[in-house]
Structures are given as C-alpha cells and as structure tokens.
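Please read the structure below before turning to the comments.
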C-alpha cells in the first residue's frame, strides 16, 4: 500500500463580482487567471430607479453578476487586481465581495473547486 500525504485543505470562498452588462465575459476570463475552476454568470437589473441612474451619470441599471469559487488565500490578490481593472477598464465601477464556504461534499468536488489536481487525479490502490 502506498503512503499518502495529508493535504491541509485550503478554505474556499464564493466571490461575487458585479460589473456593467457587457463586461461580464472580460471579467470572467480575467478571474480564471486566479485558479478559478467554477464560475456562473448572470445578467441582472440594478435596484436604482431610472431617475437616479440618470442623475449619477450611468447609462442603465443592467449588470453582469459573476459567481466564482476560489481559495480564500487568493482573495486579497483578486481584490487588488479587480480594483485596478475596475478603475482602468470599467470606468471606476464594480463591486466584489466574498462569502465563506463552510463545507464541500466529496474529495473530488473539493479538488476540482480548489484547483488541486493531486486530489482530482488520485487513484485508489
């Protein structure tokens, strides 16, 4: 029987990113560079009324919302990179926050979500 080393699991978080409609694909592709294996993207309506939207100079209240799963230890780097992209590409607009994940069922699921190929590719002996 081969000895297997213990792998201390990394905590996972759900990253929620809200950007202007039409920028979702760009930001989803950008987030993949941070070892994100699972993302879901939706188009949503903002909650502001049209009068307020016009007053603050926005074109509309349509948004792209991206849900991404990543390792908690990568969150600070993601926030710093997103802040830079929000200012340089998205006219200073965008919101990002994380929600901690308390558990994941199954070693293979965790391995996929955490981008740990050692867990996904292991075979029982």
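A short reminder: the numbers here are calculations on the coordinates, not readings from a lab. Being a predicted model, the structure only gives us computed values, none of them experimental. Cβ placement follows ideal geometry from the backbone for every residue including glycine, while neighbour counts extend to all protein chains displayed.
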Quiz item: How much length, in nm to one decimal, is gained on full extension between residue 55 and residue 14, taken as 0.36 nm per residue of separation minus their Cα-Cα distance?
Solution: 11.5 nm
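Give the Kirkwood hydrodynamic radius (Å, one decimal) of the range 12-101, defined as one over the mean of 1/r across all pairs of different Cα atoms.
Numbers: mean 1/r = 0.0742 Å⁻¹.
After inverting the pairwise mean of 1/r, the radius is 13.5 Å.
Based on the Cβ-Cβ distance of residue 101 and residue 33, what FRET efficiency does E = 1/(1 + (r/R0)^6) give at R0 = 30 Å, to the nearest 0.05? Before the final figure, lay out the partial values.
Working: r = 21 Å, r/R0 = 0.69.
FRET efficiency, residue 101 to residue 33: 0.90.
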Self-check item: Inter-probe distance in nm under a simple model that places probes 7 Å from Cα toward Cβ, at residue 41 and residue 93
Solution: 1.7
Quiz item: Distance in nm between label sites at residue 26 and residue 79, each 7 Å beyond Cα in the beta-carbon direction?
Solution: 2.3
Quiz prompt | Most to least packed among 27-39, 62-74 [average Cβ atoms within 10 Å] | solution = 62-74, 27-39
